[in-house]
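The values are calculated or read from the model by the stated rules, or taken from the named source; none is laboratory data. In this text the structure is predicted, and so the values were computed from the model without any measurement. Here Cβ is always computed from backbone atoms with ideal geometry, including for glycine, and neighbour counts include all displayed protein chains.
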Amino acid sequence: MSSWSRQRPKSPGGIQPHVSRTLFLLLLLAASAWGVTLSPKDCQVFRSDHGSSISCQPPAEIPSYLPADTVHLAVEFFNLTHLPANLLQGASKLQELHLSSNGLESLSPEFLQPVPQLRVLDLTRNALTGLPPGLFQASAALDTLVLKENQLEVLEVSWLHGLKALGHLDLSGNRLRKLPPGLLANFTLLRTLDLGENQLETLPPDLLRGPLQLERLHLEGNKLQVLGKDLLLPQPDLRYLFLNGNKLARVAAGAFQGLRQLDMLDLSNNSLASVPEGLWASLGQPNWDMRDGFDISGNPWICDQNLSDLYRWLQAQKDKMFSQNDTRCAGPEAVKGQTLLAVAKSQ
Amino acid sequence: MGDAEAGKKTFIQKCAQCHTVEKGEKHKTGPNLWGLFGKAPGFSYTEANKNKGIVWGEETLMEYLENPKKYIPGTKYIPGTKMTFSGLKKKSEREDLIQYLKWATSSLRKYVISQNF
């Protein structure tokens, strides 16, 4: 293990600065080859054939310059409202940038210009309320953008302009109440969208229009009351759908229509007392074997004849059912407290 | 003791995008976790873990999964991890997940009757 010191090397008497810096770097490389440990106040550096990985946490200091072969940089757990200007200068090969848990309040619009090969940007747990226009102008290679646990109350489509190759967008844990229309219109390669743990009460009906093959949709922990019939239509190959922990009281009859490959559906901990007939028809056998399962526990199910469709479906799918003991009837009185499976079996 | 079934759900929701658990499954963005318990990992992520010689068990995972990126002085956790996962705050959620991982990543798998495993 070697370390990267923030300090510029001092030039020993008479030697040209760039020569002494080269000597210093050679010394560092030699030290890393021998596994010499330098001061704990330095960032950690790992070298491989791919390039350098640099990881900085306090008490280390943020480097004022980066080796040209830096491919992975982590600067985390600092108390920083803004990043030092030119942090990424010269690191044109950078592929991953982890900036979590810093308290960043804003980003400068040019800060990603030096790193056009960036694939992963992790800004988890900062204090961002917005993003500057043009931030992602040079980010056509970015695959993963994580803005989890910031303070975003609104989202502007223009903030994300330039992210042609985006595959994974994580906006979970913010304070989003509404989403703009056409949010994903240009994200043809998006595979995962995480909007969990926000304050969303409604969703624009065209939300999922744009991606050619969305696989995962996280909407857990919001305040959604209704699941409309149009939301999922653009994504017949959706595999994972998390709607747990909302206030869903109503699911439209055609909501799951056309979902051909759903592997997991989580509707637990909502306010569902009943669901329309035909809702489940397209899910699971005989057309498709849900690989991972489903969860409808933690709902106030009224176990009357309106659920006959669901009972039949449950009987066929019970080996894929999570939380069987927590999936119980809230009424009518005669079956209150019984598990849905027990009632289904007795039909 | 954690609830492995709940842990499975957590795994699918928060881990399965990057990790597989079954023997022989290929690495995704993160390593396959077969044989997790009692072994030092064999996948070179930032190489940090190789150098730190971590051996995974219930206790190490409980601490690691709470805050995977935080280097805890005096222990041997992985700083600068490539994970974009910020950790599980709830103790019960970690316990459940670890219980699931105990089954799913080992030969105990074959003893589990429920098809949810």
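Working carefully through the options A:R177, A:R216, A:R209, find the one that is of a type in the set (D, E, K, R), within 14 Å of chain B (Cβ to nearest Cβ) and free of Cβ contacts under 8 Å to residues at least 40 places away in the same chain.
A:R216
Among the candidates B:K76, B:K39, B:K70, B:K23, which residue alone is at pLDDT 85 or above and in a loop (DSSP other than H, G, I, E, B)?
From the options B:K76, B:K39, B:K70, B:K23, the qualifying one is B:K23.
Return the only residue of A:L189, A:L183 being over 26 Å from A:M290 (Cβ atoms), in a loop (DSSP other than H, G, I, E, B) and within 16 Å of the chain's Cα centre (by Cα).
That would be A:L183, the only listed residue that is over 26 Å from A:M290 (Cβ atoms), in a loop (DSSP other than H, G, I, E, B) and within 16 Å of the chain's Cα centre (by Cα).
For the range A:69-87, which residues satisfy the criterion of being part of a loop (DSSP other than H, G, I, E, B) and within 21 Å of A:G130 (Cα to Cα)?
A:E76, A:F77, A:F78, A:N79, A:L80, A:T81, A:H82, A:L83, A:P84, A:A85, A:N86, A:L87
For the condition under 16 Å from A:E201 (Cα atoms), within 14 Å of chain B (Cβ to nearest Cβ) and not acidic (D, E), what is the one hit in A:L248, A:L243?
Among A:L248, A:L243, only A:L243 is under 16 Å from A:E201 (Cα atoms), within 14 Å of chain B (Cβ to nearest Cβ) and not acidic (D, E).
From the list B:L33, B:L61, B:L65, exactly one residue is modelled with pLDDT of 85 or more, touching a Leu at 6+ places or on another chain (Cβ under 8 Å) and in a loop (DSSP other than H, G, I, E, B). Which is it?
It is B:L33.
Tell me which of these A:V75 doesn't satisfy, since it passes every other one: (1) buried (at least 22 other Cβ atoms within 10 Å of the Cβ); (2) under 19 Å from the mean Cα position of the chain (by Cα).
All conditions are met except number (2).
Condition first: at pLDDT 90 or above, in a strand (DSSP E or B) and either surrounded by 14 or more Cβ atoms within 10 Å (Cβ to Cβ) or more than 14 Å from chain B (Cβ to nearest Cβ) (or both). Can you find one or more residues in the range A:29-52 that meet it?
Just the residues of the range A:29-52 that are at pLDDT 90 or above, to begin with: A:51-52.
Now restrict to residues that are in a strand (DSSP E or B): A:52.
With either surrounded by 14 or more Cβ atoms within 10 Å (Cβ to Cβ) or more than 14 Å from chain B (Cβ to nearest Cβ) (or both) added as a condition, the list becomes A:52.
Checked against the condition, which is being at pLDDT 90 or above, in a strand (DSSP E or B) and either surrounded by 14 or more Cβ atoms within 10 Å (Cβ to Cβ) or more than 14 Å from chain B (Cβ to nearest Cβ) (or both), the range A:29-52 yields at least one hit.
Against the condition of a type in the set (S, T, N, Q) and either surrounded by fewer than 17 Cβ atoms within 10 Å (Cβ to Cβ) or at positive phi (or both), how does A:Q137 come out, does it pass?
yes
Residues checked against (1) more than 14 Å from every other protein chain (Cβ to nearest Cβ); (2) modelled with pLDDT of 90 or more:
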site	(1), (2)
A:A252	yes, yes
A:G258	yes, no
A:L267	no, yes
A:A273	yes, yes
A:S282	yes, no
A:W288	yes, no
A:S297	no, yes
A:C329	yes, yes
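Pairs please, first residue from the range B:12-40 and surrounded by fewer than 15 Cβ atoms within 10 Å (Cβ to Cβ), second anywhere and assigned to a loop (DSSP other than H, G, I, E, B) and among the aliphatic types (A, V, I, L, M), Cβ atoms under 6 Å, 6+ apart in sequence or on different chains.
From residues that are surrounded by fewer than 15 Cβ atoms within 10 Å (Cβ to Cβ), the pairs are B:A40/B:V55.
Determine which member of the set A:L97, A:L123, A:L118, A:L147 is over 25 Å from A:Q44 (Cβ atoms), within 14 Å of chain B (Cβ to nearest Cβ), in contact with a strand residue (DSSP E or B) (Cβ under 8 Å, 6 or more places away or on another chain) and crowded, with 17+ Cβ neighbours inside 10 Å. Give the derivation first.
Working: A:L97 fails: over 25 Å from A:Q44 (Cβ atoms); A:L123 fails: over 25 Å from A:Q44 (Cβ atoms); A:L118 fails: over 25 Å from A:Q44 (Cβ atoms).
Only one candidate qualifies: A:L147.
One residue is enough: does the range A:310-323 have a residue meeting the conditions in contact with a strand residue (DSSP E or B) (Cβ under 6 Å, 6 or more places away or on another chain) and closer than 19 Å to A:L238 by Cα?
Yes.
Scan the range A:222-231 and give yes if some residue there is modelled with pLDDT of 95 or more, within 14 Å of chain B (Cβ to nearest Cβ) and under 25 Å from A:S101 (Cβ atoms), otherwise no.
no
Do the conditions hold for A:L262, that is, is it farther than 27 Å from A:P332 by Cα, among the aliphatic types (A, V, I, L, M), surrounded by fewer than 21 Cβ atoms within 10 Å (Cβ to Cβ) and more than 19 Å from the chain's Cα centre (by Cα)?
No: the conditions fail for A:L262.
On the given criteria, is A:L107 more than 14 Å from chain B (Cβ to nearest Cβ) and more than 20 Å from B:G87 (Cβ to Cβ)?
Working: more than 14 Å from chain B (Cβ to nearest Cβ): yes; more than 20 Å from B:G87 (Cβ to Cβ): yes.
Yes, satisfied.
Would it be correct to say that A:G278 is small (G, A, S), surrounded by fewer than 16 Cβ atoms within 10 Å (Cβ to Cβ) and on the phi > 0 side of the Ramachandran plot?
The answer is yes for A:G278.
For A:E201, state whether it is closer than 25 Å to A:P276 by Cα, in contact (Cβ under 8 Å) with a residue 40 or more places away in the chain, assigned to a loop (DSSP other than H, G, I, E, B) and among the acidic types (D, E).
In short, no.
Does any residue of the range A:128-144 turn out to be farther than 18 Å from B:T29 by Cα and within 14 Å of another protein chain (Cβ to nearest Cβ)? Walk me through it before giving the result.
Within the range A:128-144, the first condition is being farther than 18 Å from B:T29 by Cα, and the residues that meet it are A:128-140.
Filter again for within 14 Å of another protein chain (Cβ to nearest Cβ), leaving none.
No; the residues of the range A:128-144 include none that is farther than 18 Å from B:T29 by Cα and within 14 Å of another protein chain (Cβ to nearest Cβ).
Let me confirm something: among A:H82, A:H72, which residue is under 26 Å from B:K14 (Cβ atoms) and touching an Asp or Glu at 6+ places or on another chain (Cβ under 9 Å)?
The unique qualifying residue is A:H72.
Do you know which of the residues in the range A:165-189 that are surrounded by fewer than 19 Cβ atoms within 10 Å (Cβ to Cβ) and hydrophobic (A, V, I, L, M, F, W, C) is nearest to A:Q95 (Cα to Cα)?
It comes out as A:A165.
Going by the structure shown, is A:L66 assigned to a loop (DSSP other than H, G, I, E, B) and more than 24 Å from the chain's Cα centre (by Cα)?
In short, yes.
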